[in-house]
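Chemist: Take this structure, written in structure tokens, and hold onto it; I'll ask about it next.
Just so it is clear, none of the values below were taken in a lab; they were calculated from the coordinates. Computed from a predicted model, the values in this text were never measured in an experiment. A quick note on method: Cβ atoms are made from the backbone with ideal geometry, for glycine too, and the neighbour counts reach across all protein chains shown.
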Amino acid sequence: MSLTGPARCRRPYARRAGLTAALCLVATVAAAAPPAPAAPVGCGGPTGGVLCLRGPVGRPGVYTAHYRRGRAGAPGEIAVRLGYQRKDSRITAFPGWFGTVRTTRGAATLRGRVGMEAGECIRGVMEHGERVYVTKWSCG
């Protein structure tokens, strides 16, 4: 016996049921996916820019504070003081500073060694003029 064309489904509702099942699967996967964060982990959005602190959270190591101005048309470069702040279950420490630097093409980066311990949290800190900006806490 030979077939001249593709075999056809005798039940037209079977095709619709398969499509419905596929759409339900896609909707379930989309609903289960975590929402995208507003800012990268370890970053915060001070007015007019983004401040980030990167490093081995929860253990000692080299940490990098990075600030990028958001307004490309903002006049001139600015001086910023970059650092970090640590806390544990008992206390929140005073900020530690990596130093002060002027932005270059709207960005500034400083790094330094931080002696963190397990169970501590850390966040980035930036000071410009009379204002202090911080990121969200990152805990190890």
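Chemist: So what are the ³J(HN,Hα) numbers for the range 134-140, from phi and the Karplus equation (6.51, -1.76, 1.60; θ = phi - 60°), rounded to whole Hz, Gly and Pro as x?
Modeler: Computed from phi, the couplings for the range 134-140 are 9, 8, 6, 6, 10, 10, x Hz.
Chemist: Taking 0.36 nm per residue of sequence separation and subtracting the Cα-Cα distance, how much length would be gained by fully extending the chain between T100 and V134, in nm to one decimal?
Modeler: 10.7 nm
Chemist: How charged is the neighbourhood of Y63? Take every other residue with its Cβ under 9 Å from the Cβ of Y63, and add Lys/Arg as +1 and Asp/Glu as -1.
Modeler: Result for the local shell: +3.
Chemist: Counting Lys and Arg as +1 and Asp and Glu as -1, what is the net charge of the other residues whose Cβ lies under 12 Å from the Cβ of F94?
Modeler: Values: positive: R86, K87; negative: none.
Within the 12 Å Cβ shell, the charges total +2.
Chemist: Now for a separate question. Relative to the present Cα-Cα distance, how much length would full extension add between R59 and A79 at 0.36 nm per residue of separation?
Modeler: Working: separation 20, 0.36 × 20 = 7.20 nm, distance 2.96 nm.
Full extension of this stretch gives 4.2 nm more.
Chemist: Once you list every other residue whose beta carbon is under 12 Å from the beta carbon of T135, what net charge do they have if Lys and Arg are +1 and Asp and Glu are -1?
Modeler: +3
Chemist: I need the phi-derived Karplus couplings for the range 120-126: 6.51 cos²θ - 1.76 cosθ + 1.60, θ = phi - 60°, integer Hz, Gly and Pro marked x.
Modeler: Values, residue by residue: 8, 10, 9, 9, x, 9, 9 Hz.
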